[in-house]
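Okay, so here's the structure we're looking at.
Bear in mind these aren't lab numbers, they're just calculated from the coordinates by the rules spelled out. Owing to the predicted nature of the structure, the values given are computational and were not obtained by experimental measurement.
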Amino acid sequence: MKKLRRLEKPGLLLAILTVLLAVSAIAADRPVHPRLSAQEMLIDCAECHKTVTPDVEKEWFNSLHGIAMVKCYQCHGTFETFAVTPSRETCAVCHRDMMKKCSQEKSCWECHAPHTFTAKK
């Protein structure tokens, strides 16, 4: 019986952690990504998002980032470190010169439409 309890506790802890993460994501008004297997995590994001969020995938595909084959993880992180909105520091990895010209108080998204990267008017 003691062996069974030892196995139940990590499972229970994992279940509680999963629920807490989902609740915090919902509270932060972020979509909750479906659970993926280790193998599915290796698939390019765009493969699923072609059908799940086709408008976003199409915006990216037709943008300069899409044409240059900049992958989702380069801006948004890996599945484990995913950020809906990349930080200014993430953008600066490739766009350091442009970041010097931009207001330090504004996020990139205040001037550029996400995924198309066109200037907002």
Report task. Cross-chain or 8 or more residues apart, Cα under 20 Å: how many lysine pairs in the range 40-121 fit that? Count them up, please. Result -> 9
Query raised in the report: What per residue convex hull volume, in Å³, do the alpha-carbon atoms of the range 40-121 yield?
Result: 103
Query raised in the report: Near the amide H of H112, under 5 Å away, which other amide H atoms are found, from residues 5 or more places off or on another chain, if H is placed in the peptide plane?
Result: K120
